[in-house]
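*Asks:* There's a structure below that I have some questions on.
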Amino acid sequence: MNQILDHSGPKKPKEKKNPEDTMKIIKVYAILIIVFAFCFIGKGAYSLVENKKVYGQEVNDDKMDGPLIELNANQDLLSINISYTSAIENVTYQWYRGNVSAEEISEYEATRETNSSSSDNEADDELVEEDESSIKALGKLKEEKGIGENTIRIENIGIPRGETTIWVRVKTADNIISEYIQPYYTDVGVDRIEPEINVVIHGNKKMIITATDETEISKLIYTVNGEQEIEISERTDKKTIREEIEFVEGRNMIKISAVDKANNTGTREIDAYSGKPTIEFYAEPDFSKIYVKAAYPGGIAKIEYEFNGEKHEEKFENMPDEYEIELDSIEGHNVVYVKVYTAEEDVFTEDTGECDYNP
C-alpha cells in the first residue's frame with residue numbers, strides 16, 4: 001500500500017556538496033564574526049577610555065614613585081587623595097589645556113619662564129590670539145600645605161570644560177617628591193578658573209596690566225594707593241583686557257582684580273616704586289675707610305663700582321632695599337665710581353665719591 005500512495009515518482013539521488021564550497025562559506029562567516037567582534041571591542045574600549053577621563057578613579061600606586069596619589073572625578077568636580085608613610089609637606093596642582101605629556105608640560109613651563117623674563121619692549125608688541133589647540137596653563141598654580149599628617153584630601157576641584165590635563169606634585173617632609181599627570185574630558189562642566197593677571201613695569205613710571213581668561217574675560221578693576229577704583233571693560237579680544245597705568249613718584253600700592261564671564265575673580269597686589277636709587281658716600285673721620293650706601297625701596301638688582309681703578313660687581317637675587325659697601329682707602333687720593341641698578345636695567349643711578357687719605 002505504501003508503494004501505491006507514493007506518487008512522487010522515482011527518487012533522485014542526493015547531490016553531494018563540494019567540500020571546497022563548504023570551506024568558502026565557513027571562511028566568509030568567520031571573517032564577518034571577527035570584524036563584528038573588533039568593532040564591538042573597539043567601541044567598548046573607546047567608551048571606557050572616554051569615561052575614565054570624566055568619571056571613576058585614577059590611582060598612582062607605584063611605591064617607587066613615593067606617595068600614593070588618588071584622583072576621583074565626578075561630573076565636573078575632582079578630588080585628590082594623598083597618603084604616605086611620613087608627613088606630607090605640600091601638594092601643588094595645575095591644569096593645562098589639551099591631553100599633554102609630562103615632557104610637553106616641562107617644555108611649556110620653560111618657555112613660559114623665558115618669555116616672562118623677556119625685555120619690556122616685547123610687552124608693547126601687538127597681542128596675538130592663541131591657538132585653541134596649543135598647550136596652555138589654565139588658572140593659577142594651586143598649593144595645599146600639610147599639617148604634619150600622613151594624608152591630605154583636596155575636594156571640589158573644578159574640572160575645566162573640554163579636554164584638559166591636571167599635573168600634581170607632592171612633596172613629603174623627608175623630601176620625597178612625586179609628580180603625576182592625568183587627562184580628563186568633560187563637556188558638562190562650568191567655568192571654575194579665575195583670570196590670570198600679568199604685570200610688566202616700563203621704566204619707573206608706567207605699568208602694563210594684562211588680564212587673560214581661558215574662556216571669556218569680563219572686566220578689570222584696579223586702584224592705586226587706595227584711591228578710587230577704576231573699572232575697564234573694553235577688551236583687546238574675547239579673552240584679554242590690557243591697561244596702562246601711570247603712577248606717581250615714590251611707592252605705589254596697586255590692587256588689581258580681573259573678573260570673567262562666569263564671575264570667577266583673580267586678584268593681585270603690586271608694590272611698585274617710581275623713582276631712581278639713591279647713593280650716599282661717607283667715611284671714617286681720618287678717611288681710612290670709605291662707605292657707599294645704596295638704597296631703593298623697589299629693590300636693588302645690581303651694583304657696579306670701580307675703586308681706584310679696580311672694577312667690581314655685586315648681583316642680588318633677593319633684591320635688598322639697602323646695601324652698604326665698605327672700602328679700605330689707600331694712601332693718597334681715592335676715587336670710587338658707583339652705578340646702582342633696579343630690576344629694570346634702564347632705571348639706574350650713578351655717582352662718584354673721592355677723598356684723600358694721609359695716615
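*Asks:* Run a plain Debye calculation on the stretch 196-274 (Cα atoms as equal point scatterers, no solvent) and give log10 I(q)/I(0) at q = 0.20 Å⁻¹, rounded to two decimals, same order as the q list.
*Replies:* Values returned for q = 0.20 Å⁻¹ are -0.81.
*Asks:* For the pairs 136/239; 142/239; 145/261; 255/276; 206/239; 145/255, note any where the Cα-Cα span goes beyond 20 Å.
*Replies:* On the way: 136/239 13 Å; 142/239 22 Å; 145/261 30 Å; 255/276 23 Å; 206/239 23 Å; 145/255 26 Å.
The pairs that break the limit, which is 20 Å between Cα atoms, are 142/239; 145/261; 255/276; 206/239; 145/255.
*Asks:* In whole Å, largest first, what are the principal axis extents of the Cα atoms in the stretch 275-324?
*Replies:* 34, 22, 18
*Asks:* Subtract the Cα-Cα distance of residue 101 and residue 238 from 0.36 nm times their separation in residues, and report this length gain in nm to one decimal. Mind showing how you got there, number by number?
*Replies:* Details: separation 137, 0.36 × 137 = 49.32 nm, distance 2.81 nm.
Full-extension gain reported as 46.5 nm.
*Asks:* Express in nm, to one decimal, how much length is gained between residue 173 and residue 205 on full extension, taking 0.36 nm for each residue of separation and deducting their alpha carbon distance. Numbers along the way, then the final one.
*Replies:* On the way: separation 32, 0.36 × 32 = 11.52 nm, distance 4.37 nm.
Contour length minus the Cα-Cα distance gives 7.1 nm.
*Asks:* Ok, one more. At 0.890 mPa s and 25 °C, plugging the Kirkwood radius over alpha-carbon pairs of the stretch 278-357 into Stokes-Einstein gives what diffusion coefficient in µm²/s?
*Replies:* Working: Rh = 12.8 Å.
Estimated via Stokes-Einstein, D reaches 191 µm²/s.
*Asks:* Please go through the stretch 254-359 and write out the GluC sites (Glu not before Pro) that DSSP classes as loop and that have at most 16 other C-beta atoms within 10 Å. Walk me through the intermediate numbers first.
*Replies:* Working: sites: 269, 280, 304, 306, 310, 313, 314, 317, 322, 324, 326, 331, 344, 345, 350, 354; in loops: 317, 331, 344, 345.
The qualifying sites are 317, 331, 344, 345.
*Asks:* Let me ask something additional. Given that compact globular proteins tend to follow 2.2 N^0.38 Å, what is the ratio of the alpha-carbon Rg of the stretch 148-235 to that value?
*Replies:* Ratio of Cα Rg to 2.2 N^0.38 Å: 1.57.
Readers should treat all values here as calculations from the given coordinates under stated rules, not as data from a laboratory. The shown structure was predicted, so the numbers you read here are calculated from the model rather than taken from an experiment. Reconstructed Cβ throughout: ideal geometry from the backbone, glycine too, with neighbour counts over all protein chains shown.
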